[in-house]
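If you scroll down you'll find the structure; I have some questions about it.
The values are calculated or read from the model by the stated rules, or taken from the named source; none is laboratory data. For clarity, every value in this text was computed on a predicted model and none was experimentally measured. Ideal geometry is used to build each Cβ from the backbone, glycine not excepted, and the neighbour counts take in all protein chains shown.
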Amino acid sequence: MSDHKVLLDVRGLKMHFPIRTGFFSKAKNFIYAVDGVDFQVRKGETLGLVGESGCGKSTTARAIAQLYKPTAGEVYLDKLDLTKASGQELLAARKNMQMVFQDPYASLNPRMTAGDIIAEPIRIFKKSGLMEASKDEIDDRVEQLMEKVGLSRFFKNRYPHEFSGGQRQRIGIARALALNPELILCDEPVSALDVSIQSQILNLFKDLQDEFGLTYLFIAHDLSVIKYVSTRVAVMYLGLIVEIADAKDLYKKPLHPYTEALLSAAPIPDPKIEAKRQRIILTGDVPSPDKQRPGCNFYDRCPKHMDICKRARPSLKEAEPRHQVSCFLYHKPE
Amino acid sequence: MSDEVILQVKDLKTYFTVDEGVVKAVDGVSFDLRRGETLGIVGESGSGKSVTNLSVINLIPTPPGKIAGGQVLFHGKDIFAMSSGEIREIRGNKISMIFQDPMTSLNPFLRISTQMVETIVLHQGLSSEEAKKKAIEMLKLAGIPAPEKRIDQYPHQFSGGMRQRVMIAMALSCNPEILIADEPTSALDVTIQAQILELMQELTHRLGTAVILITHSLGVVAGMCDTICVMYAGRIVERGRTEAIFETPRHPYTMGLIRSVPRLDQEAKGRLYSIPGQPPNVIDLPDCCPFYPRCEKAMDICKKKYPPVVSFDNDQSASCWLYTKEARNV
Ligand SMILES: Nc1ncnc2c1ncn2[C@@H]1O[C@H](COP(=O)(O)OP(=O)(O)OP(=O)(O)O)[C@@H](O)[C@H]1O
Ligand SMILES: Nc1ncnc2c1ncn2[C@@H]1O[C@H](COP(=O)(O)OP(=O)(O)O)[C@@H](O)[C@H]1O
Ligand code: SF4
Ligand code: SF4
Ligand SMILES: [Mg+2]
Ligand SMILES: [Mg+2]
């Protein structure tokens with residue numbers, strides 16, 4: 001997989017949201033939701049993006065999709081820098097990059113039928129003159145997509161509220177597949193689902209990847225889900241990627257103290273293992289991204305912090321082959 | 001955990017009348033809870049976990065809900081036969097609850113001190129100074145830094161994890177015999193979840209509190225519970241000691257659940273096992289095994305009659321036709 005072409009290349013991506021401190025005050029503060037992340041996703045692989053609530057996962061995905069205008073950085077999809085692309089270029093790029101969202105309830109228009117929701121991206125493309133498709137061709141495509149994601153085509157004229165959570169997620173996936181994209185950005189697509197439905201949808205993602213050679217950026221907060229789907233994994237903390245490695249290396253030998261704590265905190269459904277496990281219990285809460293820190297973002301909660309960590313910011317560097325980590329335990333400050 | 005049973009739920013039925021018909025949210029649930037025991041209730045969304053526990057403390061909104069049958073015996077006394085005064089004496093004092101969203105039980109307009117002191121004074125007859133001291137002590141136990149200062153703050157000044165700690169402190173401040181925790185960590189991050197679960201385990205062990213822990217996470221029950229009840233479509237379909245449930249699950253639904261979760265401690269290979277189909281709608285369920293349409297092992301009899309409870313020698317039991325004479329005869 002490491003010899004496949006780079007499909008998505010994210011460089012120095014920042015997304016700072018301005019917040020006003022008071023109604024009349026001119027002084028602006030910022031939420032540093034994403035504060036400089038770099039990573040690449042190769043064709044056919046799944047990059048899992050994991051981290052706690054508010055660490056900037058969704059913001060990263062949305063800034064890549066240009067749903068937000070990034071504060072800084074570049075996002076290359078193939079050779080095109082999306083942050084500098086024209087409106088028409090962006091629309092054309094959408095054909096190659098689609099999103100699936102967490103909430104299968106909120107992300108579908110309640111007044112559209114399943115068939116119309118799935119056909120919508122095709123209709124938009126047709127309208128903008130980017131694609132030709134007859135009404136019959138669109139109908140066929142919708143039925144074919146429904147079958148691919150495991151929905152009966154007889155449900156075409158039903159509305160979202162007539163479907164269960166898992167079925168709605170299937171509609172969202174069919175819509176994302178409509179234009180035959182190479183890359184799908186999946187933002188917590190199984191987090192709202194029950195265990196038995198979650199495994200059905202995870203299998204569907206894998207089957208579709210095998211069949212169409214899809215590339216995924218897959219966001220989840222559940223480390224076992226990430227382990228199951230990912231070829232590579234990036235761990236985020238407070239707006240930054242703190243570690244990125246091949247999935248098997250990251251799970252076998254986590255380097256960053258935060259990754260270690262995350263892995264040790266995740267419960268394992270086996271009472272014998274649970275009884276013997278030593279947890280690293282972190283103190284304190286996940287801090288707020290409303291300021292930039294002079295030192296390591298994990299300093300306050302890090303069980304291994306050193307003096308230097310308070311004063312200097314570590315950066316993401318290779319510690320082992322294909323395994324990058326941002327921590328002074330592995331490299332000296334510049 | 002001792003052998004003394006402090007709570008008995010017997011054939012509990014809780015129904016809701018809605019436009020579409022009668023929702024049999026809980027339909028014949030029975031279990032015992034012993035002093036100091038941690039009992040886990042697992043099941044999919046809508047399987048009746050919360051309704052079971054709201055029924056235990058008689059907090060079902062009526063209408064649309066009603067207790068359609070059964071008993072809940074607390075130290076042998078039927079909760080449904082108690083006067084509202086008697087039940088108030090138990091609720092929040094002998095049996096307390098924490099919920100997934102702490103804001104459902106914290107009043108956003110009152111300082112934490114006001115809320116805690118009020119409960120302690122009401123239930124324990126302490127003076128308000130003594131009650132405040134006790135409250136600070138509980139917050140400290142719950143790991144709130146500088147509790148003397150934080151106690152006079154309002155709920156919104158705390159983070160999600162800290163609010164959950166405050167809830168636990170409040171719930172345990174009256175030394176309850178039973179703590180009912182409904183998805184207490186589902187809204188929290190993994191590292192915070194680990195903190196809160198450890199806190200709950202430590203405090204309840206120290207105080208000898210029995211816990212009913214409702215969750216959909218098999219990982220959480222594996223680490224926390226002595227015994228487990230698995231719910232499906234308003235009924236308990238399997239129960240047993242935690243190790244037994246994970247080692248020798250008997251009900252096909254339990255087996256399927258355990259096999260469907262991706263595991264942190266195993267190599268990810270191939271497809272995940274998955275249970276086909278979806279959980280049933282609990283309106284107008286036919287009187288057959290509710291798992292029948294999704295079950296790999298289903299037999300003819302499964303779609304005709306609800307299966308009986310079969311007991312196994314390790315204190316485990318399951319409602320499934322597989323283990324009956326009838327199944328062997330067909
Ligand atoms: N006030 C109510 N009015 C009507 N139906 C209700 C009411 N409360 C619960 N129900 C129904 O009772 C059933 C069981 O609900 P319950 O909340 O116990 O499920 P649960 O297992 O706790 O699910 P979750 O994990 O989603 O909280 C569901 O079908 C639900 O829709
Ligand atoms: N539109 C917005 N305006 C201000 N703050 C935002 C906005 N969107 C996200 N944030 C903040 O950015 C941070 C990261 O958010 P998000 O990427 O959604 O986190 P998650 O990892 O849970 O997906 C959070 O603190 C969030 O509150
Ligand atoms: S740089 Fe220092 S504080 Fe940051 S994770 Fe590494 S050891 Fe901990
Ligand atoms: S009773 Fe029949 S359908 Fe129900 S779980 Fe057992 S084998 Fe399956
Ligand atoms: Mg998110
Ligand atoms: Mg519930």
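Somewhere in region B:27-37, is a residue in contact (Cβ under 8 Å) with a residue 24 or more places away in the chain, over 30 Å from B:LEU203 (Cα atoms), in a strand (DSSP E or B) and not acidic (Asp, Glu)?
Scanning region B:27-37 turns up at least one residue that is in contact (Cβ under 8 Å) with a residue 24 or more places away in the chain, over 30 Å from B:LEU203 (Cα atoms), in a strand (DSSP E or B) and not acidic (Asp, Glu).
Quick check: is even one residue across region B:239-250 over 30 Å from B:LYS132 (Cα atoms), without any contact (Cβ under 8 Å) to a residue 12 or more places away in the chain and away from ligand 4 (no atom under 16 Å from the Cβ)?
Looking for residues that are over 30 Å from B:LYS132 (Cα atoms), without any contact (Cβ under 8 Å) to a residue 12 or more places away in the chain and away from ligand 4 (no atom under 16 Å from the Cβ), one finds at least one in region B:239-250, hence yes.
Grab the strands (runs of 3 or more DSSP E) fully contained in region A:45-101, keeping just those with 1 or more residues being within 14 Å of ligand 2 (Cβ to nearest atom).
Here the list reads A:46-50, A:97-100.
Hey, another quick one. Report whether or not B:CYS302 is closer than 20 Å to A:GLN167 by Cα, crowded, with 18+ Cβ neighbours inside 10 Å and more than 11 Å from chain A (Cβ to nearest Cβ). Before you say what the answer is, go through the steps one by one.
Working: closer than 20 Å to A:GLN167 by Cα: no; crowded, with 18+ Cβ neighbours inside 10 Å: yes; more than 11 Å from chain A (Cβ to nearest Cβ): yes.
When the stated conditions are applied, B:CYS302 does not pass them.
Among the residues of region A:252-260, are any of a type in the set (S, T, N, Q) and over 23 Å from A:ASP103 (Cα atoms)? Full working, then the answer.
Within region A:252-260, the subset of a type in the set (S, T, N, Q) is A:259.
With over 23 Å from A:ASP103 (Cα atoms) added as a condition, the list becomes A:259.
Yes, because at least one residue in region A:252-260 is of a type in the set (S, T, N, Q) and over 23 Å from A:ASP103 (Cα atoms).
Among the strands (runs of 3 or more DSSP E) lying completely within region A:202-247, list those that include at least 2 residues that are within 16 Å of ligand 3 (Cβ to nearest atom).
Filter on region A:202-247 gives A:232-237, A:240-246.
Specify the residue that is farthest from B:SER173 (Cα to Cα); the eligible residues are those in region B:73-93 that are in contact (Cβ under 8 Å) with a residue 40 or more places away in the chain, surrounded by 14 or more Cβ atoms within 10 Å (Cβ to Cβ) and of a type outside the set (Phe, Trp, Tyr).
The qualifying residue farthest from B:SER173 (Cα to Cα) is B:LEU73.
Moving on to the next point. So for region A:244-252 (the condition being touching a residue at least 60 places away in the same chain (Cβ under 8 Å), at the interface with chain B (Cβ under 9 Å from one of its Cβ atoms) and surrounded by fewer than 24 Cβ atoms within 10 Å (Cβ to Cβ)), does at least one residue qualify?
Start the filter on region A:244-252 by keeping residues that are touching a residue at least 60 places away in the same chain (Cβ under 8 Å), which leaves A:244-247, A:249-250.
Now drop any that are not at the interface with chain B (Cβ under 9 Å from one of its Cβ atoms), which leaves A:247.
This time we only want the ones that are surrounded by fewer than 24 Cβ atoms within 10 Å (Cβ to Cβ), so: A:247.
Checked against the condition, which is being touching a residue at least 60 places away in the same chain (Cβ under 8 Å), at the interface with chain B (Cβ under 9 Å from one of its Cβ atoms) and surrounded by fewer than 24 Cβ atoms within 10 Å (Cβ to Cβ), region A:244-252 yields at least one hit.
If you don't mind, another one. Here is a check on your reading of the model: is A:ILE173 closer than 27 Å to B:ASN281 by Cα, more than 14 Å from chain B (Cβ to nearest Cβ) and surrounded by 22 or more Cβ atoms within 10 Å (Cβ to Cβ)?
yes
Answer yes or no: is there a residue in region A:104-112 that is within 16 Å of ligand 1 (Cβ to nearest atom) and either in contact with a Cys (Cβ under 6 Å, 6 or more places away or on another chain) or of a type outside the set (Gly, Ala, Ser) (or both).
Checked region A:104-112: at least one residue is within 16 Å of ligand 1 (Cβ to nearest atom) and either in contact with a Cys (Cβ under 6 Å, 6 or more places away or on another chain) or of a type outside the set (Gly, Ala, Ser) (or both).
Which ones in region B:35-57 are more than 14 Å from chain A (Cβ to nearest Cβ) and surrounded by fewer than 17 Cβ atoms within 10 Å (Cβ to Cβ)?
B:ARG35
For region B:204-226, what are the residues that are part of a strand (DSSP E or B) and more than 11 Å from every other protein chain (Cβ to nearest Cβ)?
B:ALA210, B:VAL211, B:ILE212, B:LEU213, B:ILE214
Still on this structure, please answer the following. Only residues that are crowded, with 24+ Cβ neighbours inside 10 Å and under 19 Å from B:LYS297 (Cα atoms): list them for region B:239-274, please.
B:ILE245, B:HIS251, B:TYR253, B:THR254, B:LEU257
Mind checking which helices (runs of 4 or more DSSP H) fall wholly inside region B:107-203 and carry at least 2 residues that are closer than 30 Å to B:GLY43 by Cβ?
Answer list for region B:107-203: B:160-172.
Then there is this: Taking into account only those residues within region B:158-189 that are hydroxyl-bearing (Ser, Thr, Tyr) and buried (at least 21 other Cβ atoms within 10 Å of the Cβ), which is nearest to the other protein chains (Cβ to nearest Cβ)?
B:THR185
Still on this structure, I have one more. For region B:62-84, state whether one or more residues are of a type outside the set (Asp, Glu), on the phi > 0 side of the Ramachandran plot and not assigned by TED's automatic domain parsing to the domain that holds B:ARG206.
no
Select, from B:ILE192, B:ILE236, the only residue that is crowded, with 24+ Cβ neighbours inside 10 Å and either polar (S, T, N, Q) or more than 8 Å from chain A (Cβ to nearest Cβ) (or both).
Only one candidate qualifies: B:ILE236.
Name the pairs: first residue in region B:102-129 and farther than 26 Å from B:LEU54 by Cβ, second residue assigned to a loop (DSSP other than H, G, I, E, B) and among the aliphatic types (A, V, I, L, M), Cβ to Cβ under 6 Å, at least 6 apart or on different chains?
Close Cβ pairs (under 6 Å, with a partner that is assigned to a loop (DSSP other than H, G, I, E, B) and among the aliphatic types (A, V, I, L, M)) amount to B:SER113/B:ILE151.
Given the options B:LEU188, B:LEU172, B:LEU203, B:LEU139, name the one that is under 19 Å from the mean Cα position of the chain (by Cα) and closer than 17 Å to A:GLY284 by Cβ.
Testing whether each residue is under 19 Å from the mean Cα position of the chain (by Cα) and closer than 17 Å to A:GLY284 by Cβ leaves just B:LEU188.
Taking B:VAL51 as meeting all but one of (1) more than 30 Å from A:ILE197 (Cα to Cα); (2) not in a strand (DSSP E or B), write down the number of the exception.
It is condition (1) that B:VAL51 fails.
Ok, one more. Can you name every residue in region A:226-245 that is closer than 18 Å to A:CYS327 by Cβ and out of contact with any His (no Cβ under 6 Å at 6 or more places or on another chain)? Talk me through it step by step, then tell me what you get.
Filtering region A:226-245 down to residues closer than 18 Å to A:CYS327 by Cβ leaves A:233-245.
Across region A:226-245, the qualifying residues are A:VAL233, A:ALA234, A:VAL235, A:MET236, A:TYR237, A:LEU238, A:GLY239, A:LEU240, A:ILE241, A:ILE244.
If you don't mind, there's one more thing I want to ask. Check whether at least one residue in region B:260-271 is touching a residue at least 24 places away in the same chain (Cβ under 8 Å), more than 10 Å from every other protein chain (Cβ to nearest Cβ) and in contact with a helix residue (DSSP H, G or I) (Cβ under 8 Å, 6 or more places away or on another chain), and report yes or no.
no
Looking at region A:185-200, which of its residues are away from chain B (no Cβ under 14 Å) and touching a Leu at 6+ places or on another chain (Cβ under 6 Å)?
The one that is away from chain B (no Cβ under 14 Å) and touching a Leu at 6+ places or on another chain (Cβ under 6 Å): A:LEU185.
For A:VAL235, state whether it is buried (at least 19 other Cβ atoms within 10 Å of the Cβ), within 16 Å of ligand 2 (Cβ to nearest atom) and at the interface with chain B (Cβ under 8 Å from one of its Cβ atoms).
no
How about region A:201-219: which of its residues are in contact (Cβ under 8 Å) with a residue 40 or more places away in the chain and within 10 Å of chain B (Cβ to nearest Cβ)?
A:LEU204
In region A:280-293, is there at least one residue being more than 14 Å from chain B (Cβ to nearest Cβ) and more than 16 Å from ligand 2 (Cβ to nearest atom)?
The initial filter retains those residues of region A:280-293 that are more than 14 Å from chain B (Cβ to nearest Cβ), namely A:291-293.
From the residues that got through so far, the ones that are more than 16 Å from ligand 2 (Cβ to nearest atom) too are none.
The answer is no, given that none of the residues of region A:280-293 is more than 14 Å from chain B (Cβ to nearest Cβ) and more than 16 Å from ligand 2 (Cβ to nearest atom).
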